[in-house]
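Here is the structure we will look at, set down as structure tokens.
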Amino acid sequence: MVYFINDIITGALIGLLYSLVAMGFVVIYRASKVFNFAQGELVIIGGFIVWFTTMQAGLSLWLSIPLSLVLAGLVGYAIERIFLTKLIGESVFSMVMVTVGLLILLRGLVLLVFGPAVRPFPIIFPLKPLFLGDMLIPMNLLIGGIITIVAAVGLSWFFNRTRSGLRMTAVAEDHVVASSMGISVKGSIAFAWVLGAILSTIGAMIFLSGKSLTFLASDIGFAALPVALFAGLESIGGLILAGVIIGIVQSLTTNYLDPLIGGSLGSVVPYIIMLAILLIRPTGLFGWRTIERV
């Protein structure tokens, strides 16, 4: 029973990590109506920035972490300025295809600059786990879960209670209308990409702390995809519940069903849940339903 509860807690914390990465999807979508397929690549770029400022530049964590977040934000801003700002007012399909191209381009640039070698990632969070009786809880996931909840509360307040957040939501609805109302479409979308890059870098620190850094770590972007679509691409608060559900189901499937069937059902089950929810509710569990007059 203790092991079962431990698996549930660990699964929930892993799900919260997925939720944090998925916030990058949602933040960019809520400001531009564009689904960023290159979110995983933003995670790995953030990871390499943290690695460089800490391991190569030799800065302490107190200096390297804030600097890395600033640099990641600048990378997100540069990506939006170079690749997406010219597409404002164009079809959503065009902007989505650009993010698919970004996925390939950014992964290629990471391989070109850093190569395929495996590098040790700095220890951001304590390696010693938290012991609760016979249960063992990884500290990086526990601290990461707290960070995710705080980020979700803060971003929900920002988008729903502040003028800047409401402007970004208006931009996502219609670029032309938002621009005619005096809202800076370019500024709103650029700010969303800055936020998305910063969230990705925080996710990279939680995910990679004390582990190995390689370009393959970008696959966490696809692991977070079911959480984003399960919750709904407009819901930040819903990501918490969606991440916990998917994380727990994946953990229990991996630990109890996979040994019985000799397969890797645990890696597939999040996508099965995602598809089941989308068949019932295409906008996701907490996504907005669009009502149009014909």
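The values are calculated or read from the model by the stated rules, or taken from the named source; none is laboratory data. Note that this is a predicted model, so its numbers are computed, not measured. Backbone-built Cβ (ideal geometry, glycine too); neighbour counts: all protein chains shown. All accessible areas refer to the heavy atoms of the entire protein, side chains included, with ligands and DNA or RNA removed. Shrake-Rupley method; radii C 1.70, N 1.55, O 1.52, S 1.80 Å.
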**OP:** Would you please give the FRET efficiency between SER60 and ASP134, computed as 1/(1 + (r/R0)^6) with r the Cβ-Cβ distance and R0 = 35 Å, to the nearest 0.05?
**Re:** 0.45
Subject >> Most fluctuating residue given options TRP193, TRP62, TRP51, as computed from a GNM of the chain linking Cα atoms under 10 Å >> reply: TRP62
Subject >> Cα principal axis extents for the range 1-215, largest first, Å >> reply: 60, 39, 30
Original post:
Given a 1.4 Å probe, how much area per residue of the chain is accessible, in Å²?
Top reply: 48 Å²
Subject >> Assigned charges on the beta-carbon of Lys, Arg, Asp, Glu; the chain dipole about Cα centre (debye) >> reply: 560 debye
Original post:
If you count, for each residue, the other Cβ atoms within 10 Å and average over each peptide, how do 205-218, 109-122, 34-47 line up from highest to lowest?
Top reply: 34-47, 205-218, 109-122
**OP:** Compare ILE82, ILE272, ILE123 in a GNM of the chain, Cα atoms joined below 10 Å, and give the one with the largest fluctuation.
**Re:** ILE82
**OP:** Report the relative contact order of the chain, percent, no decimals, based on alpha-carbon pairs under 8 angstrom and at least 6 residues apart.
**Re:** 36 percent
**OP:** Count the lysine pairs in the range 1-215 whose Cα atoms lie under 21 Å apart, taking only pairs 8 or more positions apart in sequence or on different chains.
**Re:** 4
